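Here's the structure we're looking at; comments come further down.
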Amino acid sequence: MARNHVSKHVNEEVNAVAADGGANGAYTEESIKILEGLEHVRKRPAMYIGDVSTAGLHHLVYEVVDNSIDEALAGRCDRIEVTIHKDDSITVVDNGSGIPVGMHPTKKVSTLEVVMTMMNAGGKFDKDAYKVSGGLHGVGVSVVNALSEHMISTVKRDGKVYRQEYRCGIPQGPVQEIGKTDSKSETGTTQWFKPDASIFKVTDYRFDTLAERMRELAFLNPQITIVMRDQREEGGEEVYHYVDGLVGFVRYIDELRTPIIKPVLVTGEKDFTPVEVCFQYNSGFSENVFSYVNDINTRGGGTHVAGFRSALTRTLNLYAQKNKLLKSDKVQLTGDDFREGLTAVISVKVAEPQFEGQTKSKLGNGEVEGIVRSIVSEQITQYLEENPKVGKAIIEKVSMAAEAREAARKSRDLVRRKSALESSTLPGKLADCSIEDPEHCEIYLVEGDSAGGSAKGARDRRTQAILPLRGKVLNVQKARLNKVLENEEIRAIFTALGVGFGETLDVSKARYGKVILMADADVDGSHIRTLLLTLFFNYMRDLIEQGKVYLAMPPLYKLKKGKQEFYAFDDSERDEIIARIRRDAANRSGVQVKEDEEEIVEDGESNRTRDGIVISRFKGLGEMNPEQLWATTMNPETRTLQQVSIENAQSAAHIFETLMGDAVEPRRQFIERNARYVRNLDV
């Protein structure tokens, strides 16, 4: 069924893609600046793309697409097509100017070859070619080439079509002219590549992961159309084109929430820095602010976010005082109050961005804060004067948040600690570890008292802490902070971890290097994990983003043959163990295993196969004795942990609202759409 919807990590790219430079903005051979070689990329790929697992694999696509986006920012591209082929190779096509192919003035080979095979070579260093761009440190398409077993670049330029082929980043011949374009005005670049399976742990692309980034780019660049195709499934195509830009982006983010006002759009430019901000308030309690610099998602915020927040707080405060909208002089509105129910997208274009860290998670340009603050303050003031009903609705929402904040003050004090390692205020049910070095300590948040008792008996007392949780914690997606802090289990979690929460969060104060969520492998256990992840996402997101949150993976089955015991984490591993037991028995006896002996009839209890293998399914962690729990789930030498990560914060927020928010219909649709992926459902 066709899907038609109108979705950097962040190493910097310096490839050349189509542009215009020189004195008149032409993109020529002289535009390519050399900063000098690709075997080191293949030896240490994680230095350039973050890792060699799923995230790094998808990052290859982002690097190529971002070159096309830079073309769009320069006004030379309005269509990008991304295709996942059946063999998990990728094609990215744009209608930009096409990479220059003539002789490079200093390298004396085709400029296309320079761009594709040399680090620190690209058009982004020439500001006549690109006024703004995402990358300035020079990785980009040459890294994609180095990490691909096969890559082909095709360029349309000057009425001709050029092509060069590469293997593991090495040209297989010179750039060749292979034909003519239908018209001289037809230009563009096509990049086809197949990631090197000897480097990447996984090579299968996730359509939804790529689609989210493409949708995001289309919202940020309303002048372009991005087409996503997946040839691995019939009708796998989506088209992203949003003429309403950030207004559409905010509506998309908030589509599962109830808006209090319509989106407010702020646009302006000062000191050659374009600023675009869109925000609205909804009836929810969480803040969702997403910021971008030259289309790069700055997860850590930065000066552009600081400028927006200070402008919003100051302007709305002055408006409330001027129009006497506050019910009492005793109510003092703070920045936290203005963030409740706020959804905003901030996008700035900066010619020379200064990011804090290689991951570009935070903008550091001091001048941008003042630029954003000035533009936002001026335009919001004018908007509120022209739309007094909007101003009144916002202040009513903010005043309710202030009242709830005051009610939460005493509860907040209960979870504050003088010292991150001060144990006198720790929850009484916490079984803490004896070592105080956080990097060598971990805490298990365990579902239920019985499982907590087993975990306390199983743990390594030096390094493993256990915090049993009674029942299901509050769904924080639908509760204000005062209700959150009134919840005994959540207070215990905040106190035990010691990092604070929300705006007070400080990961450096963490008492444990790992936070491990351990729940039963059934529907209730999945619900409890989801509730806990909702808590972490809304109030302690930095712990997730810094890789400190994990899911324990208890086994589903215990298999016993004679005195031998084995554990299986899913049906396929269970079947593999059974087959292995039978092969070993056959090797000892010389009798071939019959195929029909592979069949297992389950009745929910222990099952005995025809050849005496006893299969028991664990119904809960409490069924395991401490020795079993240690061997299967808690022993660092043998356990399996699943690290929780956020690939796309905007997408993650959307999913949490779908699963844990007030609206029922989107949740039903999500379940129906994803039911076919469910494994090991235990109701």
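Per-structure values
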quantity	calculated
In the stretch 556-591, residue modelled with the lowest pLDDT [restricted to those that are in a helix (DSSP H, G or I) and either over 26 Å from residue 640 (Cα atoms) or in contact with a Phe, Trp or Tyr (Cβ under 7 Å, 6 or more places away or on another chain) (or both)]	589
Search result, residues across the stretch 347-406 that are among the small types (Gly, Ala, Ser) and part of a helix (DSSP H, G or I)	366, 370, 374, 377, 391, 393, 399, 401, 402, 404
Residues of the stretch 592-623 satisfying the condition of being surrounded by 10 or more Cβ atoms within 10 Å (Cβ to Cβ), at pLDDT 50 or above, touching a helix residue (DSSP H, G or I) at 6+ places or on another chain (Cβ under 8 Å) and not basic (Lys, Arg)	593, 600, 609, 611, 613, 615, 620, 621, 622
Scan of the stretch 504-525 for residues that are surrounded by fewer than 20 Cβ atoms within 10 Å (Cβ to Cβ) and either touching an Asp or Glu at 6+ places or on another chain (Cβ under 6 Å) or modelled with pLDDT of 85 or more (or both), ordered by number	505, 506, 507, 508, 509, 513, 522
Condition broken by residue 491, with the remaining ones in (1) in a helix (DSSP H, G or I); (2) basic (Lys, Arg); (3) surrounded by 22 or more Cβ atoms within 10 Å (Cβ to Cβ) satisfied	(3)
Residue within the stretch 290-302 that is surrounded by 18 or more Cβ atoms within 10 Å (Cβ to Cβ), among the small types (Gly, Ala, Ser) and within 22 Å of residue 61 (Cα to Cα) present	yes
Which numbered condition residue 66 fails, given (1) under 24 Å from residue 235 (Cβ atoms); (2) crowded, with 21+ Cβ neighbours inside 10 Å	(1)
Residue count for the stretch 56-76, restricted to those that are among the charged types (D, E, K, R) and assigned to a loop (DSSP other than H, G, I, E, B)	1
Selection from the stretch 290-311 of residues that are under 15 Å from residue 220 (Cβ atoms) and of a type outside the set (D, E, K, R)	290, 291, 292, 293, 294, 296, 297, 298, 304
Strands (runs of 3 or more DSSP E) enclosed by the stretch 136-248 - at least 2 residues per element that are closer than 25 Å to residue 84 by Cβ and either modelled with pLDDT of 95 or more or over 24 Å from the mean Cα position of the chain (by Cα) (or both)	148-157, 160-167, 188-195, 225-230, 236-240
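The values are calculated or read from the model by the stated rules, or taken from the named source; none is laboratory data. Worth saying up front: this structure is predicted, and the values here are computed from it rather than measured. Here Cβ is always computed from backbone atoms with ideal geometry, including for glycine, and neighbour counts include all displayed protein chains.
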